[in-house]
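Novice: The structure is given below, and queries will be raised subsequently.
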Amino acid sequence: MKSNQNAQNLLKQQVGQAGAEYMLEKVPAGAVLGIGTGSTVNYLIEALAKYPQHIQRYRGAVSTSDATTARLQACGIPIIDINEVEDLPLYMDGADEINAQGQMIKGGGGALTQEKIVAMVADVFICLADASKRVQQLGRFPLPIEVIPIAQRAITQKLKALGGMPTVRHTPQGAIYTTCHTNWIIDVAGLDIHDPIALETEINNWPGVVTVGLFARRAADSCLLAGEQGVQWVHFPDQNMI
Ligand code: 5RP
């Protein structure tokens, strides 16, 4: 079990390094970087920090969480409010699952709302993933949905009617997990996500839903995927999977 985790962390580290090299090569000086959240992104930031002369050419970065903000600031990258950004050439982030169309489940780290906003603004969204994240059909990973707390019961009922098994996310200490917008997250296992765009659209339309962690209408443009063969580009649709 532990060695599986070590192997996965090594893949995350490799894809983080590849992502940083690509970002520094492609994003022009003076631009703003878009940086996501999670352990894969932590490796991306660690890799960016190895090139201080390169990173100081940028105006700064848009961050999707407090954790990412702290790490970016620790390596000297200024944080820019997304409302102050007119152009965001590239956003890099991890995913909990990604399919052959580049559609993803995200939000395992609880930052789905900020991530969706940054994905909407960015010209290009590159997903950084290890091979375990690649799936034929989304839905083995429970789908995170950020909700306004007073809507939790009603949304839970609707998710059960869709065949899902919803649970309100808790912290390891047993308290209800609250997002940085003071909302709750419902994690839904067992959904049959055969049409990700339709399901994203439907859940988005329910009153009280802030964000659904299906990134199907705005999928990734491409993916850097780390596996046994090293880090490879995947462009969508991925012909190896369909
Ligand atoms: C955070 C996310 C992450 O990208 C996702 O949970 C993957 O995380 P990790 O890189 O730790 O496996 O969506 O909200």
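Novice: Quick check on Ile105: is it aliphatic (A, V, I, L, M), more than 21 Å from Gln17 (Cα to Cα), modelled with pLDDT of 95 or more and within 16 Å of the ligand (Cβ to nearest atom)?
Specialist: The answer is yes for Ile105.
Novice: A follow-up question, please. Those residues that are closer than 28 Å to Cys223 by Cβ and of a type in the set (Lys, Arg), I need them from region 131-180; list them, please.
Specialist: Matches in region 131-180: Lys133, Arg134, Arg140, Arg169.
Novice: Among what's in region 216-233 and is part of a strand (DSSP E or B) and touching a residue at least 60 places away in the same chain (Cβ under 8 Å), pick the residue that is surrounded by the most Cβ atoms within 10 Å (Cβ to Cβ).
Specialist: Of everything passing the filter in region 216-233, Ala226 is surrounded by the most Cβ atoms within 10 Å (Cβ to Cβ).
Novice: Mind checking which pairs have a first residue in region 192-215 that is on the phi > 0 side of the Ramachandran plot and a second that is within 16 Å of the ligand (Cβ to nearest atom) and modelled with pLDDT of 95 or more, Cβ under 7 Å, 6 or more apart or different chains?
Specialist: Gly208/Val147
Novice: Can you pull out the residues in region 36-72 that are within 11 Å of the ligand (Cβ to nearest atom), under 21 Å from Asn83 (Cα atoms) and either in contact with a strand residue (DSSP E or B) (Cβ under 6 Å, 6 or more places away or on another chain) or of a type in the set (Lys, Arg) (or both)?
Specialist: Selection gives Gly36, Thr68.
Novice: Another one. Suppose the filter is within 12 Å of the ligand (Cβ to nearest atom), among the aliphatic types (A, V, I, L, M) and either part of a strand (DSSP E or B) or modelled with pLDDT of 95 or more (or both); does Ala100 pass it?
Specialist: The answer is no for Ala100.
Novice: Also: Only strands (runs of 3 or more DSSP E) wholly contained in region 164-213 count here; list those with 1 or more residues that are out of contact with any helix residue (DSSP H, G or I) (no Cβ under 7 Å at 6 or more places or on another chain).
Specialist: 165-168, 184-189
The values are calculated or read from the model by the stated rules, or taken from the named source; none is laboratory data. Please read these numbers as outputs of a predicted model, since none were measured by experiment. Here the Cβ is made from the backbone with ideal geometry for all residues, glycine too, and neighbour counts use every protein chain on show.
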